[in-house]
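Computed from the coordinates by the stated procedures, all read-outs in this text should not be read as laboratory data. Please read these numbers as outputs of a predicted model, since none were measured by experiment. Neighbour counts run over all protein chains shown; Cβ positions are idealised from the backbone, glycine included.
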Amino acid sequence: MRAVRRCLVLLVLCSLLVPLSGCAFRDIDKRFFVLAIGFDKSKEEGKAFRISFKLGLPTAQLQANQRTSQTISVDASSIPEAARLLKSKVDKELDFGHAKVYVFGEELARESIIVPLDWLTRRRDMQMVGFTALGSPTAEAVLRQKVAGERFPANALMLSFGDTGTTSPYIFTVYLYQMYRRTTEQGLDPYLPVIRPAGDHLEIDRVALFDKERLKLILNPHETEVLKQIISRRGSSGMNTNIETPTFSLSITEFRASYNIEESEPPTLKARIYLSGIAESSKAPKTKPFTQNWGELEEEAATVVRERVAALLKKLQRHKIDPIGFGLRYRATQHRGHAEWNDWVRIAPKLNYDIEVKVKLEGTGTLR
């Protein structure tokens, strides 16, 4: 019996001394960190996708003019196949745990984004708080763009969408989990910020609107600003009282909006908007327009806001998309089971908009 026990002890000790094979651990200098992923439609026959990976190159010390990233594109019939093919093009292990930006190409988005979105949400090593965006004309062009002043790979994109960098009234931040939710939730449609390469920088001043699967509409910068004000219901924006010949510009510091849906005949959406701000500039240098009644200026600004919001809501209605979530609000306030969604589908195309806007001019800056 003692001999058997000694043999078992020797076997255990020997097993500890034998090196482990197939271990998934890799030193940091033997890894490529995937920081951003782009999804495009492939131009090759028999291939469905062109996937681009922006790889961060690990380095001990950052030096001037040092190459810190590499972008590799692969054509494949499926996204998992593209990820496997990529491994044959690099000499280090791929680490997807740092991927923070996911860009969909415009041509692919006009067909469907469901397949790449499904792949992203299924992988356990993808961050659900990663940023999603639309790349125009392609996601590959966005990832290959060299941005002046960018010290770290993909840092320009992360700063644009995160809270640590710029704060713009034109930039939407859409996380992966939010995008996935909007593709599955009835009454709430997806949207993505549009990234366009321009010279040595990236332009992000438009938003792309989707139905549950594909791109339907891209708003211009003015419409993008209005939509963000309605959805975020925050200030930090601006407005001209007249786009062509502005009498004065208003820097909005507070923006509040509420609405309810009345099942009258015809059905009506009543929106109440309140905003306040400070006069930022004036187109009347030889006069003092702010010595007159501020009530007239506030009414002028309210009229402009009312027209802009009404035009945007009617445009969304014509294209049958609902990024604001009116349908979801209707479902939440009704208690008729599945019948409530059928009722919303029926009344949404003939919905009227009753918009009331109140503007409060808080000051005229340092000039009267």
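Annotations
- Extending 7 Å from the Cα toward the beta-carbon at both Ala198 and Glu296 defines two label points whose distance is 3.7 nm.
- With the gyration tensor restricted to C-alpha atoms of segment 126-233, the semi-axes of the equivalent ellipsoid amount to 23, 15, 14 Å, longest first.
- Set of segment 119-136 residues, backbone N closer than 20 Å to the point 7 Å along the Cα-Cβ line of Ser168: 130-136
- When both segment 115-161 and segment 249-272 are represented by their alpha-carbon centers, they are found 34 Å apart.
- For segment 28-219: rounded, prolate or oblate by the Cα gyration tensor [a/c cutoff 1.5]: oblate
- Peptides 105-115, 198-208, ordered by how many other C-beta atoms sit within 10 Å of their residues on average, highest first, read 105-115, 198-208.
- Our note on the geometry: Cα centres of segment 308-368 and segment 184-202, 21 Å apart.
- Partner aspartates and glutamates whose Cα lies under 14 Å from the Cα of Lys87, excluding those fewer than 8 positions away in the same chain, are identified as Asp75, Asp95.
- Neighbourhood charge, 12 Å Cβ-Cβ cut-off, centred on Lys54 and excluding it, Lys, Arg +1 and Asp, Glu -1: +1
- For the listed residue pairs Lys314/Lys350; Lys228/Lys315; Lys47/Lys92; Lys41/Lys100, the alpha carbons are over 19 angstrom apart in Lys47/Lys92; Lys41/Lys100.
- Here each label is just a point 7 Å from Cα along the line to Cβ, and for Trp341 and Ser78 those points are 2.9 nm apart.
- Protection proxy ranking, highest mean first, for peptides 341-352, 152-163: 152-163, 341-352, where packing is the per-residue count of other beta-carbon atoms within 10 Å, averaged.
- Here the label points at Lys350 and Ile231, each 7 Å from Cα along the C-beta direction, are separated by 3.0 nm in the simple model.
- Listed by chain and number, the aspartates and glutamates whose alpha-carbon sits under 14 Å from that of Lys216, ignoring those within fewer than 8 places in the same chain, are Glu106, Glu107, Glu111, Asp189, Asp322.
- What the Cβ-Cβ distance of Val90 and Tyr177 gives, at R0 = 35 Å and to the nearest 0.05, is a FRET efficiency of 0.75.
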